[in-house]
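To keep things clear, I will list the structure first and then write my remarks on it.
The values are calculated or read from the model by the stated rules, or taken from the named source; none is laboratory data. Everything numeric here is computed off the predicted structure, so don't read it as measured data. Cβ sites come from the backbone with ideal geometry, for glycine too, and all protein chains shown count toward neighbours. With ligands, DNA and RNA removed, areas are computed over all heavy atoms of the protein, side chains included. Shrake-Rupley method; radii C 1.70, N 1.55, O 1.52, S 1.80 Å.
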Amino acid sequence: MSNWTSGARRAGLALAASAVALGLAGCDGAGSVASKAAGSGAPVAAAAVTGATVVEKEIAPTQEFSGRLEAVEQVNIRARVGGYLTAIHFQPGAAVRKGQLLFEIDPAPFQAEVDRSQAGLMAVRAEAELAQLELARARHLLAERAIAQREVDERTAALKKLDAQQRAAQAAFQAARLNLGYTRIEAPIAGRVSKAEVTRGNLIDPSVVLSSVVSDQQIYASFDGDEATFLRVGPAARRGAAVDVAVGLASERGFPHKGKLDFVDNRFERATGSVRMRAILANEDQMLVPGLFARVRLGGNLAAAGKAVLIDERAIGTDQSHKFVYVIGARQQAEYRAVTLGPVVDGLRVVREGLRAGENIVVDGLQRVKPGQALKAQMAAMEPGPRAALADATPAAPKTAAGALQ
């Protein structure tokens with residue numbers, strides 16, 4: 001082997017040894033940093049949440065259902081006679097009064113029929129008057145034995161026949177006048193009219209729906225109650241006792257519209273496990289429109305009031321099929337608590353089991369909390385909607401070493 005080859009080999013071994021030494025030194029440095037970080041004991045940051053104290057109130061038991069608004073009166077506007085539509089006398093969606101003119105049909109052919117039937121009536125009347133005179137003359141001649149009894153009988157029968165014809169002509173004349181009046185189509189009820197479904201110039205008949213009118217001073221809220229509700233309010237409703245009902249729309253908070261239970265069906269539907277019910281409400285501002293979804297709260301005055309535990313619905317979490325809340329424990333740690341819920345009262349959810357009045361729970365920031373986690377809770381009032389912070393439940397966390405360096 002040559003001297004050059006031996007020298008190169010010795011140089012390569014020296015370089016490899018240097019690389020190993022550098023690698024070991026780097027690992028030792030990293031391990032030293034990690035050991036320092038692990039030994040520093042930096043606390044885990046507490047989850048910032050909003051908390052509130054569980055409240056207890058005196059409430060009357062209520063039940064809530066989903067329903068739909070329905071018109072008390074609803075009429076499809078149709079013509080009673082056929083003809084050409086000549087005029088429309090309303091604006092779409094306008095409020096109309098009972099008897100207000102809505103449509104007009106060409107009256108000319110109906111006026112002609114009135115004139116014809118009137119003329120026929122006058123002709124029959126003239127014949128009847130003549131027949132009555134002839135009968136009187138015949139009776140006078142019979143008294144003088146100038147004519148036979150048979151002629152008197154014939155004239156009596158002729159007068160009766162003309163009297164019947166006169167009645168028929170009178171009826172035909174009245175029918176013609178009615179048909180002439182039907183060319184003016186008026187609102188049968190007071191309320192709000194829809195748009196015209198047919199434009200002027202069209203030939204219409206009684207099968208054509210021209211528009212519709214719904215009453216708007218009162219409105220129904222129809223819903224399906226359960227068996228317990230049927231047993232509770234059915235007897236009272238049939239006795240005529242007032243059962244309070246409150247209704248809220250999808251865009252409204254709470255139940256601002258007040259009414260009375262108007263109808264409870266006479267049988268319970270076994271297939272659906274429900275019974276049809278209906279409440280009636282005043283609609284003076286016309287904000288309630290048929291077809292809208294309605295939240296119905298029934299029977300708040302039917303049972304004695306009692307105390308109930310109430311919380312904000314935002315504090316409730318879902319774990320598969322269970323509902324839970326996080327209670328702020330004595331050490332400011334999150335405690336998982338399963339709860340059984342009741343109805344909503346004044347925007348707060350009733351808790352039947354799982355919580356006691358005076359306990360603090362997490363209301364906002366639920367998604368950042370795990371069982372046993374440390375919490376930094378800012379307390380607020382237990383009420384639905386936005387809330388103003390009252391105070392911190394925990395003192396400010398001390399700054400970490402990293403925070404002090406920043």
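Here is how the numbers come out for the structure above:
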| item | result |
| --- | --- |
| Cα-centred dipole magnitude for the range 269-365, charges only on beta-carbon of K, R (+1) and D, E (-1), debye, nearest 20 | 360 debye |
| Quotient of C-alpha Rg and 2.2 N^0.38 Å, computed over the range 52-188 | 2.21 |
| Euclidean distance between Cα centres, the range 192-249 to the range 344-379, Å | 41 Å |
| Accessible surface, the range 210-350, averaged per residue in Å² (probe 1.4 Å) | 51 Å² |
| Those GluC sites (Glu not before Pro) in the range 86-176 that DSSP places in a loop and that have at most 14 other beta carbons within 10 Å | 144 |
| P(r) histogram, all alpha-carbon pairs of the range 278-379 included - 5 Å bins from 0, percent | 2, 10, 19, 17, 14, 10, 8, 8, 6, 3, 1, 0 |
| Sequence-distant lysines (8 or more away, or on other chains) whose Cα lies within less than 27 Å of residue 307 | 57, 258, 260, 323 |
| Cα Rg, Dmax, the range 252-318, angstrom units | 16.0, 41 |
